[in-house]
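Below: one structure, written as structure tokens.
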Amino acid sequence: MAAERRRRAGGDLSGLLLRIREEGKGSIPEHPYFYETDVEISLVGGSCKNPVEKFWNGSNAMYILQKATHSEESDSMEESRTDDAVYAPEVLPKENPGALALSVGRAKQLISLYTMVQNPNVPSLGMRDLAVLPPLWARCDGSDPQHTCWLGAEPLKAGNKVTGINIYTVSCDGPTADKTHFPNLEELKMEHKIRHHSSLVTTKGFARYELIAAAAMEDTIAESGSNIFVDITWNGVEKILETPPVISAATLNIALESGDPRSPVFQLYRELQLLLALAEGLKTGVTEWPEPSESESAPQLVQQFLTDLKKKLDGDYIFEDKNETQKIQCDTAAVDSCIKSIFGERGDLDFTEQLWCKMKSVSSYQELIDCFTLVIKSLERGEIQPWIHQGSSSFLSQLIQQSYHGKMEDVSLSDTTPVQMLLEVGLEKMKKDYVSFFIGQELATGTYLDYFISTSVELQEQVHRVQKLHHMLEIMVSCTGLLQFRHEHLFPLTQICMKYYKENPLNEKHVFQLPIRPALVKKFYQNDNPEVWRVELSSGHGQKEVKTTWQVSTTAPVEHVASNNSGFLCDSTVNGSSEERLYFITMTQCSQVQFT
């Protein structure tokens, strides 16, 4: 009877898993499925976040099993999803993530059933001619002595035939600062050899170091969502927590959010914010004006600017305030000394660009109208004959060109006209700022920048592309100022960023990756503790290969299991003492079930 019940349960599970797989071929199902009322099954793949990616890098599609939630809780979770969010089962209740974890015993039952239904030697379940199912992972509550937090099963296959199953057990402990809890490498090797009856074990190391903290930045950067870290891999690990050898493979990972007030290009970021406000105002009819940043109002600044230009034209302009000229010419940035050589003043600002520098402090729609009224009247009276860049296509530039011939069209400064006029002027000025940097530093050619400065797309898209340019600029400035990168490293990074942004929308959470030599950044991490340190032990070859992974990390590898020291979840050091660093310990072990 027990065997029959097990076969029936296995048949029910296989039928459901097949149904989920078939319904997920076009797109990942948005809602979970239920098995025997207590288990919730979701298919994860594509753009969904992989909840087991920290300790397994297998196939894209997988089943995630967890404890079933009540229908009203599911409804509330569904309502809380944003329109552009992709459903993924790692979305857990913030109050009690552990509520979704299955008992270890129940998870083992499900893994056992999954293994049975994948076995081609059990014909009564009707699985002999069916395609291989995706891997399956079950959340566990860590209630056993090993603190098991995940159990997984991955089919081994030859063509379309399942030849066996890899069973994974992931256990987690900590956090702890007591390194006496850590095994030594020889103990791990011996345990692996005994478990898998192998004589030869190879090792591979991985370490991740955070470079922003190592470069003495304050916590505000980290809190903004920005991070620069390096991943290093090497073969032949000699001891636990060893510093990676110089002969290693390294990848720099950069995720940077714009707008840090300490950035040398923060003033340019503020200009960009005005540009975005104007673009939004043009789209919605409502403009959120920035707080005044100057002691004088924008109309006062514009009036003084026009007066100085008139004096120049009349020949009465005797004294030129050098500081003011510099202020106009380099108003794109309060340039930090460490990168002054690469982001200096642009000395070729034309009339419209200098006007933008005066009007960027505009704080109301009325001030905007007053500023343009002053400019248009000066042009109509012939009081100024300003110089503009060749090829400038803004409406204001067209009026200036008309003024050269003594005749200008009538301009109605109403509705969104003045907003669009200032937006056009700001767009042209900022495009030239970014082009000046990337071409001046030989990081890109004009042809490669054409996509970002094109005027053939509508204004909103032009603004969006300028945002991309600014994000790339912030990345280059940070790598130069923090990591002392030179052209040989900035150039390939620029190409990587530009390629991404030609194909994708703005995403300041995207992690840009650049292969580097570890020596390039070693001085930033050689005396620091890693955020993650891992050793992978492996034996066997091909489908017979089995692995054991031991890892420490400053952040919890799973969110659904409570830590042993819940009051100390933060990454912590005391006076820089490495002895106080708190680490979570994660062990991933593999065993095989062979069907043939």
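The values are calculated or read from the model by the stated rules, or taken from the named source; none is laboratory data. Worth saying up front: this structure is predicted, and the values here are computed from it rather than measured. FYI the Cβ positions are ideal-geometry reconstructions off the backbone, even for glycines, and counts take in every protein chain you see. With ligands, DNA and RNA removed, areas are computed over all heavy atoms of the protein, side chains included. Shrake-Rupley method; radii C 1.70, N 1.55, O 1.52, S 1.80 Å.
Treating r as the C-beta distance of Ala158 and Lys283 and R0 as 56 Å, the FRET efficiency rounds to 0.45. Rounded to the nearest 20 debye, the dipole size of region 359-474 about its Cα centre is 200 debye, using +1 on the Cβ of Lys and Arg and -1 on the Cβ of Asp and Glu. Spacing of the modelled spin labels on Ser112 and Thr555, each 7 Å from Cα toward Cβ, amounts to 3.7 nm.
In region 368-489, carbon and sulfur make up what percent of the accessible area (probe 1.4 Å)? Carbon with sulfur: 46 percent of the solvent-accessible area.
Taking all protein chains as they are arranged and a probe of 1.4 Å, the heavy atoms of His147 leave approximately 60 Å² accessible to solvent. Modelled label positions at Ser59 and Lys544, each set 7 Å beyond Cα in the direction of Cβ, lie 2.4 nm from each other. Ranking Asn529, Tyr448, Thr417 by how far each Cα lies toward the positive end of the dipole of region 400-543 (charges on Cβ) leaves Asn529 at the top.
Solvent-accessible surface of region 365-459, taken per residue with a 1.4 Å probe and all protein chains present: 49 Å². Can you give the FRET efficiency to the nearest 0.05 for Gln594 and Thr251, using r as the Cβ-Cβ distance and R₀ = 30 Å? So the FRET efficiency works out to roughly 0.25.
Each residue, Tyr500 and Gln513, gets one label point 7 Å from its Cα in the Cβ direction; the gap between the two is 1.1 nm.
Within the accessible surface of region 254-298, defined with a 1.4 Å probe on protein heavy atoms only, the carbon and sulfur portion equals 47 percent.
Taking all protein chains together, Arg486, Arg517, Arg346 sort by accessible area into Arg486, Arg517, Arg346, largest first [probe 1.4 Å].
If you plug the beta carbon distance of Asp410 and Trp387 into 1/(1 + (r/R0)^6) with R0 = 22 Å, you get a FRET efficiency near 0.35.
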